[in-house]
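Working notes for the structure below.
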């Protein structure tokens, strides 16, 4: 989300509407992946939406 629209509750509203739409479509579970080092602190938004951490992983990189 663009910086000027952050911290207005819009992301949380969008997530909740998405979850509601998924539920109405018969889905029983929603999952996503997030960079825990994200400068936008997206993980906090997902926690506010009621999501919980189920698994973490480590990725190894090698610049070539």
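The values are calculated or read from the model by the stated rules, or taken from the named source; none is laboratory data. Quick caveat: nothing in here was measured; it's all calculated off a predicted structure. No Cβ is skipped: glycine too gets one built from the backbone with ideal geometry, and neighbour counts run over all protein chains shown.
Can you name the residue in segment 19-35 that is in contact with a helix residue (DSSP H, G or I) (Cβ under 8 Å, 6 or more places away or on another chain) and surrounded by 10 or more Cβ atoms within 10 Å (Cβ to Cβ) and is also farthest from residue 4 (Cα to Cα) among such residues?
Restricting to residues being in contact with a helix residue (DSSP H, G or I) (Cβ under 8 Å, 6 or more places away or on another chain) and surrounded by 10 or more Cβ atoms within 10 Å (Cβ to Cβ), the top hit is 30.
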Got a sec? Which of 7, 16 is out of contact with any strand residue (DSSP E or B) (no Cβ under 6 Å at 6 or more places or on another chain) and either surrounded by fewer than 10 Cβ atoms within 10 Å (Cβ to Cβ) or part of a loop (DSSP other than H, G, I, E, B) (or both)? 7
What are the pairs with Cβ atoms under 9 angstrom where one residue, in segment 1-22, is over 15 Å from residue 51 (Cβ atoms) and the other, located anywhere, is assigned to a helix (DSSP H, G or I)? Sequence gap at least six, or different chains. 1/10; 1/11; 1/14; 5/11
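Matching residues to (1) outside any loop (DSSP other than H, G, I, E, B); (2) modelled with pLDDT under 95; (3) over 10 Å from the mean Cα position of the chain (by Cα):
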site	(1), (2), (3)
20	yes, no, yes
23	yes, no, yes
32	no, yes, no
35	no, yes, no
39	no, yes, yes
44	yes, yes, no
58	no, yes, yes
For segment 43-59: of the residues being under 18 Å from residue 3 (Cα atoms) and in contact (Cβ under 8 Å) with a residue 24 or more places away in the chain, which is surrounded by the most Cβ atoms within 10 Å (Cβ to Cβ)? 45
